[in-house]
Structure formats: structure tokens, C-alpha cells
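**Q** One structure coming up, written as C-alpha cells, with questions to follow.
The values are calculated or read from the model by the stated rules, or taken from the named source; none is laboratory data. Please read all numbers here as calculations on a predicted model, not as lab measurements. Positions of Cβ are backbone-derived with ideal geometry, glycine not excepted, and every protein chain shown enters the neighbour counts. These area figures cover heavy atoms from the full protein model, side chains too; ligands, DNA and RNA do not enter into them. Shrake-Rupley method; radii C 1.70, N 1.55, O 1.52, S 1.80 Å.
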Amino acid sequence: MDQIKFASKEPYLYPEIWRLVQLDVIKKIISLENRIRDKKSEKNDLNILRKNPSQKLTKEESIKIKAKIKSLENKLEEIRFLIEVYRSIGDAVAFTFINKLDIKPQNFKKSAGFISEKIGLKKEIEVFKKNYSEGRIAIFNDITSVLKYCDLTVVYPGGFNLIEVKSSKFENSRIHRQKENADKIVKYFETDKTDNLYGIEGETIRVDVNSVEVNYVKELNKLIQSSKETKNAIFEVEKGIYYFVSREFEEGFMERNFKQLKNPIMVSLNQFKFSGQGYYPFSLSFLDSNDYLDFLDGNFVILIIIDFEEVKNYCSFKNYDFIHSDNDRYIFTIKPQNKENSEGMLKISDHYFFRSCTEFVSLKWLIDDSISQFEKMKNNNLANL
């Protein structure tokens with residue numbers, strides 16, 4: 001991670017770092033995948049032995065085998081966790097070169113599975129290395145949790161190309177399906193329009209943000225450093241929105257500091273370590289690699305506390321009503337208060353809202369930009385009448 005932190009400051013100056021880091025991650029993930037196979041095989045053998053009717057076990061033997069199976073299950077979870085850690089390093093590479101809004105559409109697709117089980121793995125690594133030997137920077141997509149279309153992504157200042165590596169001259173339905181999906185995502189990037197990309201019926205239109213994103217990544221990292229001395233550190237980043245880093249639970253601390261909140265929700269970022277939702281990775285948000293590793297080890301907890309009463313007040317200040325939603329996809333809606341301008345409403349998805357937590361983006365900025373987009377679209381529709 002330290003190499004990535006260093007190289008990310010001027011990413012195109014250090015192609016060799018990106019090449020070596022990724023090759024090392026590929027090697028580590030494949031090794032862990034092999035360990036998973038070994039543990040699963042061992043577990044399967046024990047289950048066969050335990051259930052074998054021709055070889056009745058004593059009570060003590062059965063207890064020992066069950067304990068061994070439980071131990072293997074725990075080891076499998078540990079290995080899977082390590083794979084997620086290595087993929088978070090791959091994500092750091094991806095988000096260093098590709099805008100996060102271009103990564104999100106590539107994430108909502110089922111992962112390919114084990115790297116080591118890919119028939120064309122050897123060829124993919126060859127093409128990966130060839131790109132570097134010819135002066136290009138490539139990302140090996142399968143070491144990330146977010147780049148799920150094609151095998152490689154070749155990046156350059158201002159853009160990227162998706163590369164599907166063919167290991168055989170023969171084609172089948174799976175290859176045709178992969179090509180169709182790749183063409184679909186490329187067309188979306190070119191036109192900002194698509195049908196059913198996220199499994200949602202109807203056309204999806206992508207629009208640019210209206211202003212530069214506001215986030216509190218620096219404030220979070222300062223808070224993490226403060227917590228090393230104080231054990232518990234709080235900062236109100238916006239009215240009614242608090243970041244809380246805790247290394248040692250103190251009874252009564254929450255009540256003393258948050259009892260004034262009228263309608264709060266609390267989000268634990270420790271539950272989002274590997275969310276699989278395409279958010280900007282903690283591996284980059286944490287400026288100190290050791291802090292990131294401490295976070296993964298559970299040495300401290302990060303809570304985001306949001307008082308929805310203050311969110312409601314802010315929306316009212318902007319002449320909009322803030323309304324909770326029971327919809328599975330939309331966490332709340334924002335509707336104009338002005339009766340003469342009351343047609344339509346903003347539906348805020350849970351994924352969009354939780355950027356205020358997982359990416360430390362200003363919630364006020366998210367609301368402001370959404371309202372600005374909403375009003376622009378309404379004005380354009382009126383102009384076209």
C-alpha cells in the first residue's frame with residue numbers, strides 16, 4: 001500500500017510500480033485460492049467420514065471431527081477475508097486511474113470467480129506484461145472487486161480502453177455474451193445512455209455533476225490521528241453530521257455527545273469494509289497505510305451519525321420537503337415546496353445517499369447538486385414545450 005500511496009501522486013510516472021504491485025497481488029490471490037481448495041477438500045473428507053454409515057464413530061470422535069470442521073470453516077473465512085484485502089489493493093489501482101463515476105457502472109455485475117480457474121489466465125498475463133513493455137499502463141481487472149467487464153483495462157490520461165483477451169480462435173455463446181456486455185458498457189460511456197444496465201427496466205441517463213465534489217477525507221484522517229491520543233474523537237463536519245472514531249468504548253459517551261439529536265441514524269463503516277458496491281475504496285481514503293490495516297483488524301471503529309432533522313431543515317431552507325421513503329431502492333425523496341413548481345420529485349437512492357458515509361462526501365453537496373440537476377432538467381423540459 002505504501003508503494004501505491006507514493007505512486008498515486010504522479011501515477012503515470014511509475015508504470016513499473018503498478019506492474020509489480022499487480023503481479024504480486026495476482027500471485028497472492030492465486031495462492032489463497034489454492035488454500036481454499038485444500039481446506040474445502042479437507043472439510044469434505046471429514047464430512048464423508050462423519051456421515052459414513054459403515055464406519056460408526058464414537059461420541060468423542062464425532063465431537064473432534066465437528067470441532068475440526070468448525071476450525072476449517074473459520075480458516076476459510078480468514079482466507080476469503082485476505083483475498084478481499086488484496087482486492088482492495090487492486091481497487092486502489094483502479095480508482096487511481098479511473099474516475100469513480102466511470103467505475104460504478106462496471107461494478108454491478110457478477111464476479112467471474114477464481115482467477116486461477118480461468119482458462120485464458122496465462123494469455124491474459126502475457127498481454128498484461130506486453131502492454132507495459134510497450135509503454136502502456138494496464139489494470140488486471142480480476143484483482144479488483146469493481147472492474148467486471150473484460151480482462152484488462154488500459155489507462156491513459158483522460159480515458160481508458162477495455163480489453164478482452166482471446167485465448168482461443170473458437171467462439172461460443174459465453175464469448176458472444178461477454179462481447180455484447182462489453183459493447184453495452186462501452187456504448188454507455190460514449191453516449192451516457194443505456195437500457196437495463198443495472199437490471200432496471202427503462203432507459204438510464206448519466207449526467208455530469210454541476211460542481212466540484214466536496215468531501216471530508218482530510219477531516220476523517222485528522223480524526224483518526226487524534227483518536228490515537230484521546231481514544232474517542234468526534235468532529236461535526238456539517239450541522240447535524242458527525243464523524244466519530246472510537247478505539248476504546250466508554251460507557252455513557254454516546255449519550256453525552258449525541259443526546260441533543262432529534263432524529264439520528266448511525267452508520268458503522270466497519271460494516272462497509274468490503275461492501276462490493278463500487279464505492280471509492282478505504283484503501284485510498286485512509287492516507288496512512290497503517291491506519292487502513294488497523295481499521296481492517298478492527299482496532300478502531302468509525303461511525304457516521306446523521307441527524308435527519310437537520311437534513312430536513314436544510315432541505316426546507318432550499319425550499320424543498322424532505323420525505324422518508326419505504327421504497328427498497330430509494331431511501332428518501334425531496335419535493336419542491338412551491339405549489340407553482342410542485343411537479344415531480346427527487347428520488348435519492350440508498351447507494352447515492354451512502355456516499356456521504358462510505359466516501360465521506362458532503363451530504364449538503366449531494367443534496368445541492370441533486371436539486372441543481374433536478375431544476376435544470378425541469379427548466380429544459382419547460383423550454384422544449
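**Q** Give, as ranges by residue number, the residues of segment 116-137 whose backbone N falls under 14 Å from the point 7 Å along Cα→Cβ of residue 30.
**A** Counting only backbone N, you get 116-129.
**Q** Provide the gained length on full extension for the span residue 68 to residue 54, in nm with one decimal, where the gain is 0.36 nm per separating residue minus the Cα-Cα distance. Could you put the intermediate results ahead of the total?
**A** Details: separation 14, 0.36 × 14 = 5.04 nm, distance 2.10 nm.
Length gained between residue 68 and residue 54: 2.9 nm.
**Q** Tell me the carbon and sulfur percent of the accessible area for the chain, rounded to whole percent, probe radius 1.4 Å. Please report the intermediate quantities before stating the final value.
**A** On the way: 10890 of 21960 Å².
Here it works out to 50 percent.
**Q** So what is the relative contact order of segment 1-120, in percent, for Cα pairs below 8 Å that sit 6 or more residues apart? Don't skip to the answer; put the middle values down first.
**A** Values: 49 pairs, mean separation 47.4, N = 120.
Value for segment 1-120: 39 percent.
**Q** How large is the accessible surface per residue of segment 200-353, computed with a 1.4 Å probe and reported in Å² as a whole number? Can you show the working numbers first?
**A** On the way: 8850 Å² over 154 residues.
Using a 1.4 Å probe on heavy atoms only, each residue of segment 200-353 averages 57 Å².
**Q** Determine the calculated [θ] at 222 nm for the chain from helices alone, applying -39500 (n - 2.57) to every DSSP H run no shorter than 4 residues and normalising by the residue count; nearest 500 deg cm²/dmol. Numbers along the way, then the final one.
**A** Working: 14 runs with 193 residues, N = 385.
It comes out at -16000 deg cm²/dmol, rounded to the nearest 500.
**Q** If you take mean projected area of the Cα convex hull in nm² from the coordinates, which of (1) 28.4; (2) 17.5; (3) 26.3 do you get?
**A** Answer label, from the structure shown: (3).
**Q** Then there's this: In the Gaussian network model of the chain, springs joining C-alpha atoms below 10 Å, which of 301, 93, 209 carries the largest mean-square fluctuation?
**A** 209
**Q** Can you tell me the dipole magnitude for the chain around its Cα centre, using point charges on the Cβ only (Lys, Arg +1; Asp, Glu -1), in Debye to the nearest 20? It would help to have the intermediate numbers written out before the result.
**A** Details: 61 positive and 58 negative charges, 321 e Å.
Using only the charged Cβ atoms, the result is roughly 1540 debye.
**Q** From the backbone phi of segment 147-161, what are the Karplus-calculated ³J(HN,Hα) couplings (6.51 cos²θ - 1.76 cosθ + 1.60, θ = phi - 60°) in whole Hz, Gly and Pro given as x?
**A** 8, 10, 10, 6, 9, 10, 10, 8, 10, 8, x, x, x, 7, 10
**Q** What are the aspartates and glutamates whose alpha-carbon lies under 20 Å from the alpha-carbon of residue 68, with same-chain residues fewer than 8 places away excluded?
**A** The reachable aspartates and glutamates, counting only those whose Cα sits under 20 Å from residue 68, are 38, 42, 45, 60, 77, 78.
**Q** Calculate the FRET efficiency for residue 375 and residue 102 from the Cβ-Cβ distance with a Förster distance of 25 Å, rounded to the nearest 0.05.
**A** Values: r = 25 Å, r/R0 = 1.02.
That pair, residue 375 with residue 102, gives E of 0.45.
**Q** What order, most packed first, do the peptides 25-33, 138-146, 73-81 have when packing is the mean number of other Cβ atoms within 10 Å of each residue? Walk me through the intermediate numbers first.
**A** Details: 25-33: 17.6, 138-146: 23.9, 73-81: 13.6.
With the highest mean Cβ count within 10 Å placed first, the list reads 138-146, 25-33, 73-81.
**Q** Here's a follow-up. Calculate the FRET efficiency for residue 12 and residue 228 from the Cβ-Cβ distance with a Förster distance of 35 Å, rounded to the nearest 0.05.
**A** Details: r = 34 Å, r/R0 = 0.98.
E between residue 12 and residue 228, to the nearest 0.05, is 0.55.
**Q** While we're looking at this one, here's another question. Within segment 126-161, what residues put their amide N at less than 20 Å from the label point 7 Å along the Cα-to-Cβ vector of residue 20?
**A** Residues 126, 128-140 fall inside that zone.
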